[in-house]
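Following: one structure in structure tokens, then a few remarks.
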Amino acid sequence: MINFRLDRFLTLHFFNRIVKKQSSVDNDRIPILMYHSISDEKETSHPYYHVNTSQAVFDAHMRYLHENNYAVISLADLKSSFNTKNLFQHVVITFDDGLYDFLTNAFPILKKYNFGATVFLPTGFIHNARLSFNGRKCLTWNEVRKLSSEGINFGSHTVTHPQLSNLSTKGIENEIKLSKYRIEDETGITVKSFSCPYAFPENKEFGITLRTLLEECGYTSGVTTRIGTARKADDVFFQSRLPANSADDILLFRAKLEGAYDWLSQPQRFIKRFKGK
Ligand SMILES: [Zn+2]
């Protein structure tokens, strides 16, 4: 009973129906998928918190997108894509933390379906020799350059992966600026997107500071861990994403893509306020 998926149950048996009824009018959303590690490593927490997606499940997700004619677009193209028709068939694929298993386990599958993706790097953990982040191996700069030459986009996930709202304005600026410059130096490609580490602090003042700094540094888009599909009206720097992991069978994956998981953004905000984060 400990692993009862209340989120899954409500998504599939309640919100799925509401979304289906609305779908003819609700066409201003684009799902941005958020993956972390693509590995078979088991996790002991509740499946809602899992960050590992097995290769088999990841392949099934990508196959679903392929078979259902989803067009994988880049974060940079997201805003302009809102003006096109058949929005439900657009999707963005992102990976946080710059992990080595992106190269070994995710990239071959993406390549098979000819899908692009954006990988967000915490640059303090990316070196010429391999380092680890939270016990998981990270990419090296050589691998980043190789993936970049194969069309993978790289964005910033700060330098040290801190909770940004705990830092001074100068501290935040260093994290977002130095990481951007480092990736640009290593790949020769301008970095335009940013992924905010950890639960996004629902604090208005912090949001204004971060937004101003991102804009000043030359970023044009950003994503968070706020749950939901990205909407046309959302701030381009703080877009919501759909977390995906091994527990997402195709039924739940499909429901997430179609907006039936978006309801979770409200309890997520409520819990953050309750915890004072
Ligand atoms: Zn992260």
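So here's what we get for this one:
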item	result
Residue that is farthest from Ile109 (Cα to Cα), among those in region 29-61 that are away from the ligand (no atom under 16 Å from the Cβ) and in contact with a Leu (Cβ under 7 Å, 6 or more places away or on another chain)	Arg29
Flag for Thr123 being buried (at least 18 other Cβ atoms within 10 Å of the Cβ), among the polar types (S, T, N, Q) and within 16 Å of the ligand (Cβ to nearest atom)	yes
Count of region 155-178 residues which are free of Cβ contacts under 8 Å to residues at least 24 places away in the same chain and of a type in the set (D, E, K, R)	2
Selection within region 136-146 - away from the ligand (no atom under 16 Å from the Cβ) and either within 18 Å of Ser54 (Cα to Cα) or in a strand (DSSP E or B) (or both)	Thr140
Phe133 more than 16 Å from the ligand (Cβ to nearest atom) and hydrophobic (A, V, I, L, M, F, W, C)	no
Residues of region 71-130 that turn out to be among the charged types (D, E, K, R) and in a strand (DSSP E or B), as a count	1
Per-region count, region 147-178, residues surrounded by 14 or more Cβ atoms within 10 Å (Cβ to Cβ), more than 12 Å from the ligand (Cβ to nearest atom) and either in a helix (DSSP H, G or I) or at pLDDT below 95 (or both)	10
Residue list for region 181-205, filter: over 19 Å from Arg241 (Cβ atoms), at pLDDT 95 or above and either within 14 Å of the ligand (Cβ to nearest atom) or not aliphatic (A, V, I, L, M) (or both)	Tyr181, Arg182, Glu184, Asp185, Glu186, Thr187, Gly188, Thr190
Residue identified as of a type in the set (Gly, Ala, Ser) and closer than 16 Å to Leu103 by Cα among Ser221, Ser149, Ser156	Ser149
Members of region 127-137 found to be under 15 Å from Glu41 (Cβ atoms) and surrounded by 11 or more Cβ atoms within 10 Å (Cβ to Cβ), listed by number	Ser132, Phe133, Asn134, Arg136, Lys137
Breaking point among (1) of a type in the set (A, V, I, L, M, F, W, C); (2) away from the ligand (no atom under 16 Å from the Cβ); (3) more than 26 Å from Ala233 (Cβ to Cβ); (4) in contact (Cβ under 8 Å) with a residue 24 or more places away in the chain, for Ala76	(3)
Yes/no for His90 being within 16 Å of the chain's Cα centre (by Cα), crowded, with 17+ Cβ neighbours inside 10 Å, more than 16 Å from the ligand (Cβ to nearest atom) and modelled with pLDDT of 95 or more	no
Helices (runs of 4 or more DSSP H) within region 179-277 that include 3 or more residues in contact (Cβ under 8 Å) with a residue 40 or more places away in the chain and closer than 23 Å to Ile30 by Cβ	250-257
Count of region 228-276 residues which are in contact with a Gly (Cβ under 9 Å, 6 or more places away or on another chain) and at pLDDT 90 or above	11
Residue that is modelled with the highest pLDDT [pool: residues in region 1-43 that are among the β-branched types (Val, Ile, Thr) and either at positive phi or assigned to a helix (DSSP H, G or I) (or both)]	Thr11
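The values are calculated or read from the model by the stated rules, or taken from the named source; none is laboratory data. None of these values were measured; they are calculated from a predicted model. For neighbour counting, all protein chains shown are included, and Cβ atoms are generated from backbone atoms with ideal geometry for every residue, glycine included.
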